[in-house]
Structure formats: C-alpha cells, structure tokens
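Everything on this sheet refers to the single structure shown next.
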Amino acid sequence: MRNTDVSFNVELDNSNFPEKIIWKASDAGLEPNETKAISLNVWDHNQQNTLRIDLWTKEMRIDDMKKFFLDCLGGLAQTILSSTGDTYLSNEVNALCDKLAKHIALENKPPEEPNQPS
C-alpha cells in the first residue's frame with residue numbers, strides 16, 4: 001500500500017480571515033500552488049454527517065466565487081453518478097447547475113442601451 005498527502009497552508013490576517021491559501025499534493029509533482037478558495041467536504045461515518053471547510057481569500061472576486069460554487073456543484077453531479085450510478089440524482093443536480101448558470105449569465109450581462117431618438 002502506498003500513501004499520498006494533500007495539504008493546505010492558510011495565512012490569516014489579524015481578524016483570522018484568510019489572506020493566502022497554499023496547497024500541495026505529493027502525487028501532483030508540482031511545487032506548492034496558491035489558490036483563492038477551497039471547499040473541502042469530509043464524511044464523518046460515526047456521526048453520519050458531512051464536515052465542511054470553506055475558505056476564500058480577500059482577493060476572491062464575487063463572480064469567481066459564484067463560478068467556483070457552480071463548478072463544485074457540477075462536480076458533485078458527476079461524483080454521485082460515478083459512485084452510485086444514480087442517473088436521476090445526477091441529472092437533477094446538472095439541471096439545477098444549468099438553471100444557476102443562466103442566472104449568473106443574466107446577472108453578468110451588461111445593461112442594454114436605451115433607444116435613442118433619431
């Protein structure tokens with residue numbers, strides 16, 4: 001059996017808000033990388049619930065955070081399909097992702113110019 005490590009180093013400001021997040025994975029073969037946000041979910045079998053760690057830095061833009069959230073949700077749709085074969089649940093989560101993506105696209109659409117008299 002072999003082991004692999006994934007680690008996060010979080011630099012906090014005086015108010016304990018993340019200023020910098022560095023991650024590395026021993027199998028990635030890369031130097032430590034900086035990121036603006038992480039979302040980590042751990043299943044606690046003993047308590048039968050999910051433990052979550054969600055962190056983001058001051059530089060994480062709101063529109064990027066929304067895209068990050070949506071990408072995480074889409075990834076969960078793929079995970080439920082590959083881990084359980086439940087196509088209904090996967091399709092429903094993907095449908096929600098499509099709906100939310102349209103919302104984000106409309107939210108980011110520039111306002112239309114009013115008609116000018118000629």
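The amide H of Lys20, built 1.01 Å from its N in the peptide plane, has Glu11 as neighbours under 5 Å, considering only residues 5 or more places off or on other chains. Each label point was placed 7 Å from the Cα along the Cα-to-Cβ direction; for Glu92 and Met1 their separation is 3.6 nm. Measuring between alpha carbons in the structure, the pairs from Lys36/Lys109; Lys66/Lys102; Lys36/Lys99; Lys58/Lys99 lying more than 20 angstrom apart are Lys36/Lys109; Lys36/Lys99; Lys58/Lys99. Backbone N atoms of the range 3-21 closer than 12 Å to the 7 Å Cα→Cβ label point of Glu59 belong to residues 19-21. Taking the convex hull of the alpha carbon positions in the range 61-109 and averaging its projected area over all directions gives 3.1 nm². Along the range 83-89 the Karplus relation, 6.51 cos²θ - 1.76 cosθ + 1.60 evaluated at θ = phi - 60°, assigns HN-Hα couplings of 8, 10, x, 7, 5, 4, 4 Hz to successive residues, with x for each Gly and Pro. Per-residue ellipticity at 222 nm computed for the chain from its helices equals -13500 deg cm²/dmol, with DSSP H segments shorter than 4 residues left out and the rest contributing -39,500 (n - 2.57). Shown in residue order for the range 29-39 are the 3J(HN,Hα) couplings computed by the Karplus curve 6.51 cos²θ - 1.76 cosθ + 1.60 at θ = phi - 60°: x, 10, 5, x, 10, 8, 9, 9, 7, 9, 9 Hz (x for Gly and Pro). Simple point charges give the picture: +1 on the Cβ of Lys and Arg, -1 on the Cβ of Asp and Glu, and for the range 1-59 a dipole about the Cα centre of about 140 debye. Going Cα to Cα from Lys20, which aspartates and glutamates come in below 17 Å? Please leave out same-chain ones fewer than 8 positions away. Filter leaves Glu11, Glu31, Glu34, Asp54, Glu59, Asp64. Here the relative contact order of the chain, from alpha carbon pairs under 8 Å that lie six or more residues apart, stands at 14 percent. For the range 68-76, the Karplus equation 6.51 cos²θ - 1.76 cosθ + 1.60, evaluated at θ = phi - 60°, returns couplings of 4, 4, 5, 5, 4, 5, x, x, 5 Hz by residue, with Gly and Pro reported as x. Each Lys and Arg adds +1 at its Cβ and each Asp and Glu adds -1 at its Cβ; summed about the Cα centre, the chain shows a dipole of about 120 debye. Taking semi-axes √(5λ) of the Cα gyration tensor in Å as calculated from this structure, the corresponding entry among (1) 33, 24, 14; (2) 85, 35, 7; (3) 42, 30, 10 is (1).
Taken over the alpha carbons of the range 1-59 as equal point scatterers, the Debye sum produces base-10 log I(q)/I(0) values at 0.17, 0.18, 0.26 Å⁻¹ of -0.71, -0.77, -1.04. Each of Asp27 and Asn49 was given a label point 7 Å from its Cα along the Cα-to-Cβ line. The distance between the two points is 3.0 nm.
Coordinate-derived values only; no laboratory data. Predicted, not measured: the structure shown is a model, and the values here were computed from it. Here Cβ is always computed from backbone atoms with ideal geometry, including for glycine, and neighbour counts include all displayed protein chains.
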